[in-house]
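These notes concern the structure reproduced below.
The values are calculated or read from the model by the stated rules, or taken from the named source; none is laboratory data. Note that the coordinates shown come from a computational prediction; the quantities given were computed from them, not determined experimentally. Glycine gets a Cβ as well: all are built from the backbone with ideal geometry, and neighbour counts include every protein chain shown. In case anyone asks, the SASA skips ligands and DNA or RNA and just uses the protein heavy atoms, side chains included. Shrake-Rupley method; radii C 1.70, N 1.55, O 1.52, S 1.80 Å.
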Number of protein chains: 2
Amino acid sequence: MPRAGLSPDGVVDAAINLVDTDGAAALTLSAVAGSAGVATPSLYKHVRSLAELRQLVTLRVLDELADRVSEAAMGRSGDDAVRAVMRAYRSYVVDHPGRYAAMEQTPATEPPLAAAADRLLGAVLAVLRGYDLDGPALIHAARCLRSAVHGFAVLEASGGFGLPEPLEESYELLIGMVISGLR
Amino acid sequence: MPRAGLSPDGVVDAAINLVDTDGAAALTLSAVAGSAGVATPSLYKHVRSLAELRQLVTLRVLDELADRVSEAAMGRSGDDAVRAVMRAYRSYVVDHPGRYAAMEQTPATEPPLAAAADRLLGAVLAVLRGYDLDGPALIHAARCLRSAVHGFAVLEASGGFGLPEPLEESYELLIGMVISGLR
DNA sequence: CCAAAAAGCTAATCGAATTAGCCAAAGCCG
DNA sequence: CGGCTTTGGCTAATTCGATTAGCTTTTTGG
């Protein structure tokens, strides 16, 4: 019988599909193995552990997110850029809630993740350079932007917003808050 | 030999201690049983499952948080009240990062949790009544406040903020954003 | 064509959750 | 007090997921 032809990336692909369809809690090695058509221990030829797989998934998500956000910022500046970045961020979460939720199971302190997070942070910082903020003020502003966006994303992805009012409007208000606080 | 004298509340107490000292990931039935001086299956006389224990922990945390926030709001109004509420919320997270992190492992959709979350939301809404917002606008404002505060809390509790700039200053900026966006 | 590396597999271990069924301690009532 | 019932704890046993060990076969390079 021929081989399954897996690879580390292939395993991550399967894991991503899994969290997309069944949610972040469904990310287990046996489920990944099953969906890849392979016995569980075989996965260890490609990833060291479940913890590492989680990290790889987080890495992938962080990269996808950074791409979207960077692209949104391109060619824009000032308030307009901030708006575009924040909308792009949320659109990713709306499109892939499971992936976003999967990130939260990973300790953010691992070096490889820190690097990817920096890429994302870089895109945000670039957008904030349009405002005349000195070094520390830039950091504070970036943290606030991140908090707002991440907080909304987490709550939305986990179904934390109950009421029927449209979330788009709430988010536009949040964007307004960030922008008005940046002046 | 005398009994251990456990109770549902006692089990939750032990669980809270555990997440306080060892982090949210350490919340397992065997660890709780161990720290309560009891065999694991004995816990089932007090809680139905690990999932239920998690819910009870979340419930406890939500209540503590709502208390702090409500108390902070008491006797204040307007911007002053918003500031106090936001600071009180963060102070809880700073005091008990493990407890806050433990909440995120629980699906927020369970009815008993929704009730407690409503209490917390109520405290927030009360503070926002000082601004003249109609019904939907009030909801949107509450969601934004919640997103900002929760986003910052999650990032801080999980060590997501790397740089050395003091977090207090970042948080004060966030408070300013929310307040300026509320006008 | 052959040897070494790579990718699968099965068998086995470990730890955590959960269930079943037994037994003693506490509380209650006469 | 004596007994009954409820309650809380225990041990044994099952299940499932992660992980390790060791074997086998495919691929690949020379």
Excluding B:Gln105 itself, calculate the net charge of residues whose Cβ lies under 11 Å from the Cβ of B:Gln105, where each Lys or Arg counts +1 and each Asp or Glu counts -1. -1
Label position 7 Å from Cα toward Cβ: report the copy-to-copy distances for B:Pro8 in nm, one decimal, ordered from shortest. 4.8
Once the label point is placed 7 Å from Cα along Cβ, list for A:Gly135 the distances to the corresponding points in the other copies, in nm, shortest first. 5.3
What is the diffusion coefficient of the protein assembly as shown in µm²/s, taking the Kirkwood radius over Cα pairs and the Stokes-Einstein relation at 4 °C with a viscosity of 1.567 mPa s? 59
Percent relative contact order of region B:55-182, based on C-alpha pairs within less than 8 angstrom and at least six residues apart? 33
With each run of n ≥ 4 DSSP H residues scored as -39500 (n - 2.57), what mean residue ellipticity at 222 nm is computed for chain A after dividing by its residue count and rounding to the nearest 500 deg cm²/dmol? -23500 deg cm²/dmol
Count charges around A:Arg90 for me, please; just the other residues with Cβ under 12 Å from its Cβ, Lys/Arg as +1, Asp/Glu as -1. -1
Efficiency of FRET from Cβ geometry, B:Ala4 and B:Glu71, R₀ 41 Å, rounded to 0.05: 0.75
In region A:73-178, what percent of the accessible surface is made up of carbon and sulfur (1.4 Å probe, ligands and nucleic acids excluded)? 57
Output the 0 to 90 degree angle, nearest 10, between the alpha-carbon long axis of helix A:135-157 and the longest principal axis computed from the alpha carbons of chain A. 60
To the nearest Å, what is the center-to-center distance of region B:1-78 and region A:1-45, using C-alpha atoms only? 35
Quick one: divide the alpha-carbon radius of gyration of region A:58-182 by 2.2 N^0.38 Å and tell me what you get. 1.03
Counting only other chains, what is the mean number of Cβ atoms within 10 angstrom of the Cβ of each residue in peptide A:116-122? 1
Could you work out how much longer the chain between A:Asp132 and A:Ala26 gets when fully extended? Use 0.36 nm per residue separation minus the Cα distance between them, nm to one decimal. 33.7 nm
Debye log10 I(q)/I(0) at q = 0.19 Å⁻¹ for region B:1-76, Cα point scatterers: -0.75
Place the label 7 angstrom along Cα→C-beta at B:Pro166 and in each other copy, then list the distances from the first to the rest in nm, shortest first. 4.3
One finds, for B:Arg183 and B:Asp63 with R0 = 41 angstrom and r their Cβ-Cβ distance, a FRET efficiency to the nearest 0.05 of 0.80
One finds the C-alpha centres of region B:122-183 and region A:120-137 to be spaced, in Å, by 20
Closest Cβ on chain A to the rotation axis that carries it onto B (distance rounded to whole Å): A:Gly151, 1
To the nearest 20 debye, what charge dipole does the protein assembly as shown have about its Cα centre, counting +1 at the Cβ of each Lys and Arg and -1 at the Cβ of each Asp and Glu? 540
